[in-house]
Amino acid sequence: MELKSIIYHPIFSAVSEIILILIVALLMHRLLKYFIEKIAKKFVAKTKTEIDDLIIDFIEKFLFRIILIVALYFTGEALSDFSGERIFFYFRETLYVIVVFIVAALAVKLITLFISYYLGRVSKKRGSELEKDFGLLLKRFVQIALYLTAIITIFTHFNIDVKGLVATLGVGSLAIALAAQETLSNMIAGFVIMVDRPFRVGDRIRTPSGVVGEVFEIGLRSMKLLDFEKNLHIIPNSEIVKSEVINYSYPNPNVRVKIDVGVAYGSDLEKVKQIILEVCQSHPMVLKDPAPNVYFVNFGESSLDLTCVSYVEHYRNAWVTGDELRMNIYKALNENNIEIPFPQRVVHIQKER
């Protein structure tokens with residue numbers, strides 16, 4: 001009778017149920033781990049997308065925690081009959097807190113996984129560093145929001161009034177937003193620049209203030225521009241998004257090299273054009289497509305004005321190529337006895353009668 005009474009005692013039944021739950025959990029962990037390694041991984045490896053591989057890796061990495069959540073949930077259910085027993089009551093409530101925080105941690109890991117995957121795809125597609133610049137901020141926001149939700153859920157479970165906490169957080173957030181209004185404006189503008197990509201790192205642009213240089217870095221708060229004198233200009237993002245910006249490198253990185261040439265009146269223009277074209281076509285930096293060309297543009301005061309237009313592959317080659325073309329054109333015109341005149345004035349002196 002004593003053995004029978006012990007077996008059917010509620011505490012003994014609850015402990016037996018908990019042990020059974022733990023045994024089933026361990027068996028499920030081994031079975032699911034075997035299924036993931038032998039079947040699921042081979043299946044997702046054949047698909048074209050990467051997100052399913054990431055999800056399987058996530059499940060494999062945190063499989064024990066997921067099963068632990070389920071086991072703890074059923075353990076708490078097994079102890080529900082002992083709400084009057086103080087030890088079991090505290091143990092069950094502790095399990096509830098542990099389960100909530102584990103769920104929050106897994107949700108953070110899973111959501112940040114999707115954020116990294118999406119921002120990585122956008123960065124690769126647009127040639128940007130969106131995941132590097134914006135990913136950390138977005139992940140931090142998700143982490144704070146989910147853990148704060150977990151804390152509020154626990155407080156609500158224990159019948160703790162959270163209205164005051166929510167009101168305090170709201171007022172605090174408003175105060176922070178007002179104090180950091182300009183910073184937030186620049187951060188939002190930085191996000192717009194990263195998504196819209198009006199320019200990229202390495203592009204040559206002209207800013208609204210007239211500064212021309214190479215984009216050195218695009219951050220959340222500001223954009224850094226390196227000018228020709230190697231001075232670094234730090235420009236707030238909000239100033240960039242609301243004004244016109246000229247991009248010399250996008251969508252086509254080819255840069256035009258324009259050279260103005262003046263020859264004396266009476267020169268054979270067809271011959272002059274041919275000489276200039278030969279100089280441009282023989283230069284290794286000048287592109288064949290679009291081909292260089294020479295245009296007669298103006299009857300000047302002292303010269304016949306022509307413009308030579310050619311293209312180079314990148315703006316870094318434009319300055320040196322232009323210098324070398326001018327030197328070669330000047331040399332070729334001198335060798336062919338074609339005069340490059342300087343400004344002249346004819347003065348008529350009339351005597352008074």
Reported set for region 195-245 where residues are closer than 17 Å to HIS314 by Cβ, β-branched (Val, Ile, Thr) and surrounded by fewer than 15 Cβ atoms within 10 Å (Cβ to Cβ) is VAL201, VAL212
When restricted to ARG121, ARG140, ARG126, the only residue at pLDDT below 65 and on the phi < 0 side of the Ramachandran plot is ARG126
- Query: With respect to VAL309, is the statement that it is of a type outside the set (Gly, Ala, Ser), touching a Lys or Arg at 6+ places or on another chain (Cβ under 6 Å), surrounded by 13 or more Cβ atoms within 10 Å (Cβ to Cβ) and touching a residue at least 12 places away in the same chain (Cβ under 8 Å) true?
  - Reply: yes
When (1) over 33 Å from the mean Cα position of the chain (by Cα); (2) exposed (fewer than 14 other Cβ atoms within 10 Å of the Cβ); (3) modelled with pLDDT under 80 are applied to THR156, the one that fails is (3)
| query | Quick check: is even one residue across region 220-233 of a type in the set (Lys, Arg), in a loop (DSSP other than H, G, I, E, B) and either assigned by TED's automatic domain parsing to the domain that holds ASN317 or out of contact with any strand residue (DSSP E or B) (no Cβ under 9 Å at 6 or more places or on another chain) (or both)? | reply | yes
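Would it be correct to say that VAL263 is in contact with a helix residue (DSSP H, G or I) (Cβ under 7 Å, 6 or more places away or on another chain) and surrounded by 16 or more Cβ atoms within 10 Å (Cβ to Cβ)?
yes
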Would you confirm whether or not region 267-277 contains a residue that is over 28 Å from ARG206 (Cα atoms), touching a Gly at 6+ places or on another chain (Cβ under 9 Å) and surrounded by 14 or more Cβ atoms within 10 Å (Cβ to Cβ)?
no
Within region 214-241, restricting to residues that are free of Cβ contacts under 8 Å to residues at least 24 places away in the same chain and under 21 Å from the mean Cα position of the chain (by Cα), the one that is nearest to TYR311 (Cα to Cα) is GLU214
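For region 295-306, indicate whether the set of residues that are at negative phi, among the aromatic types (Phe, Trp, Tyr) and surrounded by 15 or more Cβ atoms within 10 Å (Cβ to Cβ) is non-empty.
Step one: list which residues in region 295-306 are at negative phi, which gives 295-306.
From what's left, among the aromatic types (Phe, Trp, Tyr): 295-296, 299.
From what is left, the residues that are surrounded by 15 or more Cβ atoms within 10 Å (Cβ to Cβ) are none.
No, that holds for no residue.
For (1) in the same structural domain as PHE228 (by TED's automatic domain parsing); (2) touching a helix residue (DSSP H, G or I) at 6+ places or on another chain (Cβ under 8 Å); (3) among the β-branched types (Val, Ile, Thr); (4) more than 12 Å from VAL255 (Cα to Cα), each residue gets a yes or a no:
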residue	(1), (2), (3), (4)
LEU287	no, no, no, no
ASN293	no, yes, no, yes
VAL297	no, no, yes, yes
THR307	no, no, yes, yes
GLU313	no, no, no, no
ALA318	no, no, no, no
ASN328	no, yes, no, yes
**Prompt:** Does region 201-208 include one or more residues that are more than 19 Å from the chain's Cα centre (by Cα), in a loop (DSSP other than H, G, I, E, B) and among the aliphatic types (A, V, I, L, M)?
**Reply:** no
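The values are calculated or read from the model by the stated rules, or taken from the named source; none is laboratory data. Every value quoted in this text rests on a predicted model; they were computed, and no experiment measured them. Quick reminder, even Gly has a Cβ in these numbers, built from the backbone with ideal geometry, and neighbours come from all protein chains shown.
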